[in-house]
Amino acid sequence: MVLGLLIITLASMIAVASHRWTRLQEKIIKNVPFNLWLEFLVYPLMFYVSIYLMMRNVINRGSIDIIALEDIDIIFIMYFFLISVYIALTLHFASKVLWGYLKKNPNTMVYRINEMFHGKLSHYLAYMNSFFFTAMIPIIEMNHPLIYPLDGFLLDLVIVFAIIFGFSACKAVFYTNEWYGGYNRPLFIVALFLLTILIVTFRSFHLKYAYYPMSLFVHISFTGIIVTMIVRQAMIFTRLNNKQRLRFLTKMFSAQ
């Protein structure tokens, strides 16, 4: 389990760092930037290996009946979300490669169609399904607690991994340098909604995190995503003049 958490944490950190490393974008292999090959093949493989290790650890524990769903039912739902994520990555990979070779003319039909896939469609499909997949991990773990509570050092390690993963996920999912609203808002609301549901469910059954380390990781990761986004937007807000602050608040609470 700890190995799986380490792999997924490292993968998230490296993915965010490589996305901003221009040298990887400039290196072309088979007419495709190297960083896109990493995003399409290497990072998903790292995530899938970590997910396999974590799920194997959870399923191999003893079982109790808290959630009225069989493991196979929950796993089926999780893999539906997981497959949807990779479909989104495929759309993003193809459209991003084409975007690099198209003339940046928004008036052409081919550019607008490609931007539809490269833009919100692939991003929302990937991020939303990633959120829902992640939220299912505590659900399946509720029926598979540890026999003995995790010791303090390993529990602290899980917390550290979760904080790093949550921060990295926020940098990957949100445009943290832009004003709150638009692209960010639906994703932020979904993350906050899922975290609320998970915490309420966890508390209603009076469960202890020491017996549910994967749930702890997910809860702190979602919290890290939300807190990082709020802090970043607060920092932006403090640097704006009065007129820009009004526009900021208007954009935040607008229906669009």
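Observations
- Single match in Val85, Val58, Val49 (criterion: of a type in the set (A, V, I, L, M, F, W, C) and surrounded by fewer than 18 Cβ atoms within 10 Å (Cβ to Cβ)): Val49
- Looking across segment 204-220, the residues that are in contact with a Leu (Cβ under 9 Å, 6 or more places away or on another chain) and part of a helix (DSSP H, G or I) come down to Tyr209, Ala210, Tyr211, Pro213, Met214, Ser215, Leu216, Phe217, Val218, His219.
- Residues that are modelled with pLDDT under 85 number at least 2 in the following helices (runs of 4 or more DSSP H) confined to segment 31-117: 34-37, 71-101, 109-116.
- When Asn31, Asn35, Asn107 are screened for being surrounded by 12 or more Cβ atoms within 10 Å (Cβ to Cβ) and polar (S, T, N, Q), only Asn35 passes.
- Qualifying positions in segment 1-16 - under 15 Å from Trp37 (Cα atoms) and surrounded by fewer than 20 Cβ atoms within 10 Å (Cβ to Cβ): Ile14, Val16
- Test: residue in segment 120-135 that is touching a residue at least 12 places away in the same chain (Cβ under 8 Å), over 17 Å from the mean Cα position of the chain (by Cα) and closer than 28 Å to Tyr79 by Cα: no
- Some residue of segment 125-146 being loosely packed, with under 14 Cβ neighbours inside 10 Å and in a helix (DSSP H, G or I): no
- Single residue of Ile189, Ile230, Ile225 found to be at pLDDT 80 or above, more than 14 Å from the chain's Cα centre (by Cα) and within 26 Å of Leu125 (Cβ to Cβ): Ile230
The values are calculated or read from the model by the stated rules, or taken from the named source; none is laboratory data. Since this is a predicted model, take the numbers as computed values, not measurements. Neighbour counts are summed over all protein chains in view; Cβ atoms, including those assigned to glycine, are modelled from backbone coordinates with ideal geometry.
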